[in-house]
1. Report the residue count in the stretch 90-130 for those that are under 34 Å from the mean Cα position of the chain (by Cα), modelled with pLDDT of 50 or more and surrounded by 17 or more Cβ atoms within 10 Å (Cβ to Cβ).
2. Keeping to the stretch 690-729, report how many residues are more than 20 Å from GLY800 (Cβ to Cβ) and either free of Cβ contacts under 8 Å to residues at least 24 places away in the same chain or not β-branched (Val, Ile, Thr) (or both).
3. Output the residue which, of all residues in the stretch 171-200 that are among the hydrophobic types (A, V, I, L, M, F, W, C) and over 21 Å from THR714 (Cβ atoms), is farthest from the chain's Cα centre (by Cα).
4. I'd like to verify a number: residues in the stretch 320-333 that are over 18 Å from LEU266 (Cα atoms) and either in contact with a His (Cβ under 7 Å, 6 or more places away or on another chain) or surrounded by fewer than 17 Cβ atoms within 10 Å (Cβ to Cβ) (or both), how many?
5. Is it the case, given these coordinates, that GLY740 is of a type in the set (Gly, Ala, Ser), closer than 25 Å to LYS795 by Cβ, surrounded by 14 or more Cβ atoms within 10 Å (Cβ to Cβ) and in contact (Cβ under 8 Å) with a residue 12 or more places away in the chain?
6. Just the residues that are assigned to a strand (DSSP E or B) and touching a strand residue (DSSP E or B) at 6+ places or on another chain (Cβ under 6 Å), please, taken from the stretch 632-648.
7. Conditions: (1) modelled with pLDDT of 90 or more; (2) in contact with a Gly (Cβ under 7 Å, 6 or more places away or on another chain); (3) closer than 30 Å to THR371 by Cα. TYR768 meets all but one. Number of the miss?
8. Return yes when PRO686 is of a type outside the set (Ser, Thr, Tyr), over 26 Å from ASN814 (Cβ atoms) and in contact (Cβ under 8 Å) with a residue 40 or more places away in the chain and no when it is not.
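The values are calculated or read from the model by the stated rules, or taken from the named source; none is laboratory data. On a predicted model such as this, the values are computed, not experimentally measured, just so you know. All Cβ positions, glycine included, derive from the backbone under ideal geometry; neighbour counts span all protein chains shown.
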Amino acid sequence: MQRPNLSRTPLSIATQRQTVRRTLLSSAFVASVLLGSSIAQAAPVALNIPAQSLASALNELGKQANLQILYSPDQVQGIKSHSVSGSLEPVKALESLLQGSGISYQLNGDTVILSAPQGKGLELGATNISGEGMGRALTTEDTHSYTTGATNSSTKLPLSIRETPQTVTVITRQLMDDQAAQSIGDVLRNAPGISTQAYDSDRMEYSARGYAITNFQYDGVNTQYDGVFDEGATKVDMALYDRVDIIKGATGLLSGSGEPSATVNLIRKKPTREFKASVTASAGSWDNYRTEGDISGPLNEDGSVRGRFVGVYQDADSYRDHASKKNDVFYGIIEADLTPDTLFTFGMDYQNIKPRGSSWTGNPYYFSNYTKTDFSRSFNPATDWSRRDVQAQSTFASLEHRFANDWKVKGTLTQQTNDHDTQLASASGGMPDPVTGKGMFFYWGKWEGHRVQNTADINATGPFSLFGREHELVVGATSQSSRQTGATFDASQFGAVPGSIFDWSGDYPKPYFPKNGKYEKNQNQNSAYIAARFKPTDDLALILGSRLSDYQYNDTYKYYVQSARFSDNKTTSKQHGKVTPYAGVVYDLNETYSAYASYTSIYKPVTERSKSGTTLAPTEGNSYEIGLKGEYFDGRLNATAAIFRTEQKNLAVVDGIDAANETYYKSVDGATTKGIELELAGELMPDWNVMAGYTYAQTKTEDGGRLYGYPLETTKPENVARLFTSYRLPGVMNKVTVGGGVNWQSPFYGRIYNESKSDYDIIEQQSYALVNLMTRYEYNEHLTFNLNANNVFDKKYLSGLGNFSTTYYGEPRNLMLTTKYTF
């Protein structure tokens, strides 16, 4: 057996090209870097390797532990590995990966050679030498898992779920594929602990632990979120993403301001060192057609430059009459190993969303005699030209360098551009006569907006020694600015809906909306953060951190009256030197269980104004969480049980409407949320995956009353349960995977003003459960067919209530057939 050349300079002979091609086709990796000492004597290293194919796991081990591993591609084909995480000697980590595979190994100086199981011979065959470049971000693609080995979304420190002192939900690529999740909305409405309420046909509000989710990140970079206009944040297409990390509770250390609900971090797909490509076509209920293309691989001979491109086109009708949507998505990314220790990344993504028949709010709840209406789920109050067009584009670049002492510095620049063109007319106003159907009027209007957001982040992470033990540190700074401009149009004259609402078909001419002014909003946030993970003992970890932030916000509305320009509204808010502390502790009770606790403060600048016109004080508070985490089957299954409590003061709530029809607010103290959260994710046994969760969160005001949001004047459901599982059948049926799940939530309540009583009526959506099923057939190694059925019992329920005294129905039963061909 001739030992391969392991020098850092690439082989220049033709044999290398053939070797690289054969390796890419077989998807087999051999990671190598010369060791300074014998492997058997190597010191422990920090590892985070999820359960996946053995070939991919060996590749990760080679890169993370600087190991040289020689093996045959055929030898490991079809074998899944166990997960490995924590500080381990490289040989011990290798033994964990090989456990149960029947494969043994030999140490030959600085080289590991795998020995085939009995009855198989070892042939080195095609060999790829890698591992000299930067460590790659942990991905969930091709792991076939519902969990992951590590995430840095909570503190920027790479921690396993068990090591993170907060509840962490990870929606992996496999789970998204099994649930046929096409948008971030599909992901969130199936995620444990998340509830969904609809503003109308195109805008959704997602909540956790009693509050709306307002913190969205992309690869850990914060973005501004406007829940009212929703300029694409809840419409993001998931073809671009490897996984979604959801950090529950307040996350002020990395996000700064925001609600104490959750932070949603979308992790983009990365280029691969081996060639891979796929084409996916879907057809579903209501003429929902979709095509995806995904191609990735090396762009030069030695794979030091890699690229990936994803494209999507979707054309879909709706369960609502005269409603449709078109969606174009493009994504490109390039990674380049500038040196063995320096990684440069550049990418762009673009999404163009064009809905038609977009409603503004939903259907009236009451007839004119205050009896309840009962519209069909297919009824659409919008005109056929009503729309909310959104174009969203991101450009991002990062430079990452790893030093010899395991310290890493990373700088990231991101620019996000959002444009919206909104023209609405919805026959949703008023209360119709129960016999004639007359008496309705239009909610209509026109808005245009352009927003540019720039974010720069630089951080350094690495180990340090103190009192004879090794600890970890992250320190960084973020600067974020957002400028939003647009035109305003006069829509003060609400038109009457002609004839009976029972005969409504959406056919109504578009009125003229004269331009009457313009607006500008500017938001800036500059922050510095630091966090350290101390390890006083092997079983105890302390995480201490803080964020120092400056905030500035101002908006200006200028209106035109008889060619004279004057400023009508201006709001300014500034806060300097705001400190957001964070503390967490994790104690390993044994090899399986850890107890943890965490604390962080809450801070949210508000722009709402009181009846007197003054800007309200910022919302502040504290968030606490304690819990128990379990890691089973070498990390292939993770469990969390948590108790949490959130206390807030200066919470902005609606106080009334003034003579100019403007809403004003007041601050309330003593809003307290308390609850529990349970979650289980991963592999119960080989080929059987599960994602399950239950959350109880009760939010009350200081006097014990319900807390209603705005503009959705509703509460959040106190109980939310999610379950989804899939199982690959054994034996001759192993080409078939079956699965399904249940989404259940308890009642939630809304307020609708009743003029006959001069008071609010409280309306209720009772508890309901939605059952979803799926099956997959693997025709061969290239071609698969997925069939998903959602709401299989065709449950009729309200997904929104209380928005301008209207209600909105959720989706009826629907099917989706997806065909995927992998090259």
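1. Total meeting the criteria: 6.
2. Selection size over the stretch 690-729: 18.
3. Among residues in the stretch 171-200 that are among the hydrophobic types (A, V, I, L, M, F, W, C) and over 21 Å from THR714 (Cβ atoms), the one farthest from the chain's Cα centre (by Cα) is ALA180.
4. Number satisfying all stated conditions: 2.
5. Yes, satisfied.
6. Across the stretch 632-648, the qualifying residues are LEU637, ASN638, ALA639, THR640, ALA641, ALA642, ILE643, PHE644, ARG645, THR646, GLU647, GLN648.
7. (2)
8. Yes: the conditions hold for PRO686.
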